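Just below is one structure, and these are the notes that go with it.
Since every read-out is calculated from the coordinates, none of them should be taken as a lab result. As the structure is a prediction and not an experimental result, all values here were calculated from the model. Here the Cβ positions follow ideal geometry from the backbone for every residue, glycine too, while neighbour counts run over all protein chains shown.
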Amino acid sequence: MCSVGGLPPHIVGLFEEPLGFQQTPDGLYYVFDRRGHSVYVIDADKKAARKIVEIGQELGRIIQPRGFDTSADGSFVVADSPRNVDRLQMFGAGGVRLRGFNLPARQRTAEITFGSSVMSGIASIQYADPNLFISHPEGGSLFTEYRRSGFPVRNIGRLRDTGHEQDHDLHLALNVGFPVVDPTGGFYFVFVGGRPMFRKYDSDGMLLYERHVEGTELDAYLGSLPTRWPTRQVADGELPLVLPAIRAAAVDPTGNLWISLNQPYTYVYDTHGDKVRTVQFSAAGIVSPTNLFFTGNGRLLVTPGCYEFDPTGFPP
């Protein structure tokens, strides 16, 4: 699938590591620059960019940011970690802080990283106005729904069986994933590490179906899954080193689930959970998506590179 546009090079050059490229219903584009500890807004004509959230530990600024998402009302959320405290802040269209809260301290949380980017916990945040969704296997379920005040509304999804239940840290790490809101109703949950799979839940949080993510592009990864997992050193001990199979996931306006692998391929699943496409994105070379976002008119925005694609122009 070839790019049909995106942000011009002089704007993309402002960003150190764009990890989110999204558009709100009013036409404005937002870019979350993780390494730059900032958020930019770009006008609908893609002619000018302005930094609206800057680096800092104080309220209204961000430090060590991990997650970002926009909502239908034009506001956006940034998840960061000042002094290793998980914090969520919601901002208006102009970058004015509206509200925010800290999550309770968690000891030895399940964590999956890709390079220097953390993909678990607050990095998985989804903002479906008025509520927020975060992957929290430490709490005994796959993900948690929060009100914007910080009050947890409900936990959704039973942890999957991993065969490593006796190793608590590894069991939790293999249950890390992306909660993804389906605009046609309900939720998907895409497991990031271990054996790749996803589940579909209805709006009440009831499981509808479960599917394995399979394809020739994953054969090498599946063949290399260890029986004895390596560990990595952390401040208070060791945690299992679980590499991700999945880098990004999103749902298009018709309810199809798009899952981007570590390899430069993206699988598309229909509303019944059947794989209908294998996609490769091409812009200035082959693109391995780190974030996928569907606009109101069905265009697909992709980082890195801040490219735009037209999924309707790609045959099944």
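In table form, for the structure just shown:
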| quantity | calculated |
| --- | --- |
| Search result, residues across the range 275-286 that are free of Cβ contacts under 8 Å to residues at least 40 places away in the same chain and either more than 29 Å from GLU210 (Cβ to Cβ) or loosely packed, with under 12 Cβ neighbours inside 10 Å (or both) | ALA284, GLY285, ILE286 |
| Qualifying residue in the range 177-187 (condition: out of contact with any His (no Cβ under 7 Å at 6 or more places or on another chain), touching a residue at least 40 places away in the same chain (Cβ under 8 Å) and of a type in the set (Ser, Thr, Tyr)) | yes |
| Selection from the range 134-148 of residues that are of a type in the set (Asp, Glu) and assigned to a strand (DSSP E or B) | GLU145 |
| Qualifying residue in the range 158-173 (condition: of a type in the set (Gly, Ala, Ser), over 28 Å from PRO226 (Cα atoms) and surrounded by fewer than 22 Cβ atoms within 10 Å (Cβ to Cβ)) | no |
| Selection count, the range 1-35, where residues are of a type in the set (Val, Ile, Thr) and either part of a loop (DSSP other than H, G, I, E, B) or under 17 Å from SER124 (Cα atoms) (or both) | 3 |
| Residues within the range 237-255 that are buried (at least 18 other Cβ atoms within 10 Å of the Cβ) and more than 18 Å from GLY177 (Cβ to Cβ), tallied | 1 |
| Residue match in the range 261-276 (condition: closer than 25 Å to GLU165 by Cα, over 17 Å from the mean Cα position of the chain (by Cα) and of a type in the set (Phe, Trp, Tyr)) | no |
| Candidate set from the range 56-98 (those that are of a type in the set (Val, Ile, Thr) and more than 14 Å from ALA128 (Cα to Cα)); member that is surrounded by the most Cβ atoms within 10 Å (Cβ to Cβ) | ILE62 |
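Here's the yes/no breakdown for (1) farther than 21 Å from VAL118 by Cβ; (2) among the small types (Gly, Ala, Ser); (3) in a strand (DSSP E or B):
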position	(1), (2), (3)
ARG247	no, no, yes
TRP258	yes, no, yes
VAL276	yes, no, yes
SER282	yes, yes, yes
